[in-house]
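The values are calculated or read from the model by the stated rules, or taken from the named source; none is laboratory data. Everything quoted here is computed from the prediction, not taken from an experiment. Neighbour counts are summed over all protein chains in view; Cβ atoms, including those assigned to glycine, are modelled from backbone coordinates with ideal geometry. Surface areas here come from the heavy atoms of the whole protein model, side chains and all, with no ligands, DNA or RNA. Shrake-Rupley method; radii C 1.70, N 1.55, O 1.52, S 1.80 Å.
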Amino acid sequence: MTAWGQFDVYIFFGILLALAALIALCFVFRPRAYFEMAHGWKFRDLEPTETYLMVITGMAAFLTLAFSVVSFGMFVHHGREVTTANSAEAAYQEAQERYDVHVATYRKCIPLAQSLVTVVVWDGGAISNPDAVYQWARENGVHAAILNRGNDFVQVDYDKDRAESVRSKDKPLLTYSTNRYAPPCGLPPVEPFPPTGN
């Protein structure tokens, strides 16, 4: 259901109140018309007093203002609801696009991680076959960098600079070290929840 469909009740009552404000406005300028509608048909040659006409004018002016304010509030509230719904939908679409990219990357990363494990030969905390690691990277269309923070580790990415940077803001595609407890491809993607009502 669209945002408009969800909040049409505000538009409906807003229009009704706007029409009521227009009718009340007519009686501001023609209070005698109200008198004729309410009482004139009951009697012949009946004339309203000036005081009565002033009271009708004042009441009509008050009702015009009240109906206009409430009607305007209905339209404003409806607009806010639509904006909120559209913002939620846009945020969901953006999250969905990020999720799709994450899924695609994650699916590519898992076989790479499984393959890299079979290539690297560890000598304690050092990698003893760096040439084989770089050859593996070329064959798989990625960049690999062997870095060291006390022990060697392989950082793999599609971008050469990111593969060689330990301080990169973005996490690398794959990091492989002797630490078997760290997930090699990051955490699995979590699909975003759609906006309420969709």
Task: Solvent-accessible area of V103 with every protein chain in place, 1.4 Å probe, in Å² to the nearest 10 - done: 20 Å²
Open item on the list: Quick check: pseudo-label points 7 Å beyond the Cα along Cα→Cβ at Q135 and D159, how many nm apart are they?
Closed with: 3.0 nm
Open item on the list: Starting from the Kirkwood Rh over alpha-carbon pairs, what translational D in µm² s⁻¹ does segment 57-178 have by Stokes-Einstein at 10 °C and 1.306 mPa s?
Closed with: 84 µm²/s
- [ ] Excluding residues on the same chain fewer than 8 positions from K169, give the lysines whose Cα lies under 26 Å from its Cα.
- [x] K108, K160
Open item on the list: For a quick check of understanding: with a 1.4 angstrom probe and all protein chains in place, what accessible area in square angstrom does E139 have, to the nearest ten?
Closed with: 130 Å²
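Percent of accessible area on segment 1-76 owned by carbon and sulfur, 1.4 Å probe? Provide the component values of the computation, followed by the final result.
Details: 4210 of 5530 Å².
Roughly 76 percent of what the probe reaches on segment 1-76 is carbon or sulfur.
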Open item on the list: Charges at C-beta only: +1 for Lys and Arg, -1 for Asp and Glu. How large is the resulting dipole of the chain about its Cα centre, in Debye rounded to 20?
Closed with: 200 debye
Open item on the list: Using a probe radius of 1.4 Å on heavy atoms only, what accessible surface per residue do you get for the chain? Whole Å² is fine.
Closed with: 68 Å²
Task: Relative pair counts by distance (%), Cα atoms of segment 1-117, 10 Å bins - done: 12, 22, 16, 14, 11, 8, 6, 5, 3, 2, 0
- [ ] Scan around I127 for amide H atoms under 5 Å from its own, H built in the peptide plane at 1.01 Å from N, and keep only partners 5 or more places away or cross-chain.
- [x] D152
Open item on the list: Taking all protein chains in place and a 1.4 Å probe, what share, in percent, of the accessible surface of segment 103-198 do carbon and sulfur account for?
Closed with: 52 percent
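Would you mind working out the magnitude of the charge dipole of segment 97-198 relative to its Cα centre, with +1 at each Lys and Arg C-beta and -1 at each Asp and Glu C-beta, to the nearest 20 Debye? Mind showing how you got there, number by number?
Working: 11 positive and 12 negative charges, 38 e Å.
With Lys and Arg at +1 and Asp and Glu at -1, about 180 debye.
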